[in-house]
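**Student:** Would you mind keeping the following structure in view while I ask a few things?
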Amino acid sequence: MGGEVHQAPDATLESLLKALGAESGAVASGNHALEAYVGTRCHLPETGERPWGVALQLYQLRSARNWGIGDFGDLAQLAGTLGAAGADFIGLNPLHALFLANPAHCSPFSPSNRRFLNPLYIAVDRVPGFAPDMADPARVAALQQAPLVDYPGVAALKLEVLQRLWQVAGSPDAAPGVLAQGGDDLQRHALFEAISARMVAQGHGAGWRDWPADWQDATGETVARFVLDHPAEARFHRWLQGLAHEQLDQARAACDQAGMSIGLYLDFAVGEAADGSGAWGNPMVVPGIRIGAPPDYFNETGQDWGLAPLSPVAMAADRARPFADLMAQATRQAGALRIDHAMGLWQLFLIPGDAGPAQGTYARYPLADMLQGLAEASRANRTIVIGEDLGNVPPGFREVMDQVGILSYRILLFERTEDGFIPPADYPRDALACLSTHDLPTFQGWWRGDDITLRHGHGLIGDAAAEEQSDSRQVERAQLLADLTKADLWTGEIPDTDRAPEDLVAAVHAWLATAPSRLFVVRLEDITSETVPVNIPSTTDQHPNWQSKLGATVEQIPTLPLFGKIAEKLRTARPREG
């Protein structure tokens, strides 16, 4: 933390070596310096345009027709609104498959399987054969009116109606294209979901580690017998994946029709839950090890993300082919793809056994092979790649990103020196610029200092750190206003209210949008003036992470004055060619 070098405990090293199958006391040798990768290059448009887009959490969307959770139908509708305003892409939270049998497990960054989609995003009323009398209007209304996304309620209603639609349609399988693309992985995921539902009904957990021992073996006799005895149950879950992919394709088509040059900007999580379908029967997954982050300025205790890593040893032996396959699938429907914690291409912070984040250490991955697989997928599908290069970035890593055409992630709240904010004019060309992300406060929350109060209240920082950060925030606010005044975007007066005026919010976006960076994105939460954070890292039940809804509906967004102000300034700063 703070630039200090820490030596991992011997017990940590021994545990990791054992889990990875290495000999006790083994020490990696060789030159680990990051080098140039000649010939490895991701897709980047050749035009001089600097497109802008809007980032959102899909589940947050409220509308007159959805069932209490944003869905692919809302996404298609919003594409028309944003495209007409001049946006060229829509950034989304990870859409990965979670646990249908445990819908309360709702973090999109802790998926069961990154290869497949979350069926809760299916717009059930858009499925062929749907009739209004299939869903109880009172249940739909209650889900719509709930202040937070009621994941268990949404899942119960949607799966109930989807089962009826599937049976009415003759219990079909997924479309041949989806079956071919998914292959054995799709069958294993569908089988996992079918068994998971049965296990939960019998009082077990949704994750395979909570199942009876004979069910934990994905290739064992018990599971094989279930496949023979209950073929329809897995077929239903394959059908759900087919629906989800079809509706996501329809949303992508809506982006094209709205004139968006990039379309969907998808997000790829750094790992998968250790008890999910991606880890079930997967020999590439390291048992008993979790991915996390060391202690830092924002979290003095570090972070344990609870995600299972792919074995760096096995990845090196297989020339990172499993990762290349993941990237080929992830880029197929994406005009742009954000790689969460991009440093995972080079190293991951691993935590063994019962140890905490302070006892973790880094393990290296076969960077050259990882980059090659990513670049091949990017070029094949003409997908722009953005790397979330935040946190502990290894020296030289950003230079490698630049060499291979992975855009850097530049966030206003982090782009600072001792003298204040780095001028947007000094941002790099090959980057995406934005004010903040899902793990950071909204602009209104930052302005009010809510993030500091929340971190302190949840015990993530101590009294001294909270006081220091509060004092620093006052300075940061004054510096930001001075920068905006210098740019002729503000009058120089300090607002005397807790909330930043809409003109100030628009001015900040106008200022940052002048950066030469290829892409710029504005959070939908800032357009709708939200104050509640989407996620507070290292909290679970203490804060309603991944559950908050927007204060405005999809239908209301185009009428919001702040939406009009921000869109006008972004069209001026980043006009479309032609």
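Bear in mind that the values in this text are calculations on the coordinates, not laboratory data. The shown structure was predicted, so the numbers you read here are calculated from the model rather than taken from an experiment. Glycine also receives a Cβ, built like all others from the backbone with ideal geometry; neighbour counts cover every protein chain displayed.
**Student:** So which lysines can LYS569 reach, going by Cα to Cα under 19 Å and dropping same-chain residues fewer than 8 places off?
**Tutor:** List returned: LYS486.
**Student:** Please name which of PRO294, VAL534, ASN102 has its Cα lying farthest along the dipole of the chain towards the positive end, using unit charges on Cβ (Lys, Arg +1; Asp, Glu -1) and the Cα centre as origin.
**Tutor:** Value: ASN102.
**Student:** Okay, moving on. In debye, nearest 20, what is the charge dipole magnitude of the chain about its Cα centre with +1 on Lys and Arg Cβ and -1 on Asp and Glu Cβ, if you could check? Can you show the working numbers first?
**Tutor:** Details: 44 positive and 71 negative charges, 307 e Å.
My answer is approximately 1480 debye.
**Student:** Let me ask something else. Given the C-alpha centroids of segment 37-81 and segment 265-319, what is the distance between them in whole angstrom?
**Tutor:** About 26 Å separates the Cα centre of segment 37-81 from the one of segment 265-319.
**Student:** Taking Cα pairs under 8 Å and at least six residues apart, what relative contact order does segment 262-408 come out at, in percent?
**Tutor:** Details: 267 pairs, mean separation 38.8, N = 147.
Taking the mean separation of contacting Cα pairs over the length of segment 262-408, I get 26 percent.
**Student:** Ok, one more. Summing Lys, Arg as +1 and Asp, Glu as -1, what charge do residues with Cβ under 12 Å from the Cβ of HIS341 carry, HIS341 excluded? Show your work: numbers first, answer last.
**Tutor:** Values: positive: ARG338; negative: ASP267, ASP340, GLU388, ASP389, ASP439.
Result for the local shell: -4.
**Student:** Could you work out the relative contact order of the chain? I mean the mean sequence separation of Cα pairs under 8 Å and 6+ apart, divided by the number of residues, in percent. List each step's numbers first, then the result.
**Tutor:** Working: 1040 pairs, mean separation 113.9, N = 578.
For the chain, the relative contact order is 20 percent.
**Student:** For a quick size check, give me the Cα extents of segment 291-356 along its three principal axes, largest first, whole Å.
**Tutor:** Principal-axis extents of the Cα atoms in segment 291-356, largest first: 38, 30, 17 Å.
**Student:** While we're looking at this one, here's another question. Which residues make up the longest stretch of the chain that has no trypsin sites (Lys or Arg not before Pro) in a DSSP loop with at most 16 other Cβ atoms within 10 Å?
**Tutor:** Working: sites that count: ARG41, ARG65, ARG319, ARG332, ARG382, ARG429, ARG499, ARG576.
Within the chain, the longest run free of exposed trypsin sites (Lys or Arg not before Pro) spans 66-318.
**Student:** Just want to confirm a number: the relative contact order over segment 379-530, from Cα pairs under 8 angstrom separated by 6+ residues, in percent.
**Tutor:** Values: 165 pairs, mean separation 43.6, N = 152.
Worked out over segment 379-530, it gives 29 percent.
**Student:** Between beta-carbons, use under 15 Å as the cut-off and find the net charge around ASP488, counting Lys and Arg +1, Asp and Glu -1. Walk me through the numbers before you get to the answer.
**Tutor:** Numbers: positive: LYS486, LYS569; negative: ASP483, GLU493, ASP503.
Computed value for this residue: -1.
**Student:** Using only the Cα atoms, what convex hull volume per residue in Å³ does segment 248-326 have? Walk me through the numbers on the way to the answer.
**Tutor:** Details: hull volume 13.0 nm³, N = 79.
Enclosed volume per residue, from the Cα hull, is 165 Å³.
**Student:** Still on this structure, please answer the following. Alpha carbons only, please: Rg and Dmax for the chain, in angstrom.
**Tutor:** 23.6, 73
**Student:** Among all the lysines, which ones have a C-alpha under 21 Å from LYS549's C-alpha, if same-chain residues fewer than 8 places away are not counted?
**Tutor:** Those lysines meeting the cut-off are LYS158.
**Student:** Return the Cα extents of segment 121-258 along principal axes one, two and three, sorted largest first, each rounded to a whole Å.
**Tutor:** So the three principal-axis extents are 48, 34, 27 Å.
**Student:** Additional query: Around GLY405, with a cut-off of 11 angstrom between Cβ atoms, what is the net charge of the other residues, counting Lys and Arg +1 and Asp and Glu -1?
**Tutor:** Values: positive: ARG41, ARG379, ARG518; negative: ASP402, ASP430.
Local net charge: +1.
**Student:** Here's another thing I want to ask about it. Towards the positive end of the charge dipole of the chain, with charges on Cβ (+1 Lys, Arg; -1 Asp, Glu), say which of GLN250, TRP447, THR47 has the farthest Cα.
**Tutor:** The Cα lying farthest towards the positive end belongs to GLN250.
**Student:** Alpha carbon centre of segment 150-182 versus segment 320-398: separation in Å?
**Tutor:** Here the answer is 32 Å between Cα centres.
**Student:** Which residue, chosen from ASN113, ALA180, ALA123, occupies the Cα position most advanced towards the positive end of the dipole of segment 99-231, where the dipole is computed from +1 (Lys, Arg) and -1 (Asp, Glu) charges on Cβ about the Cα centre?
**Tutor:** Farthest towards the positive pole: ALA123.
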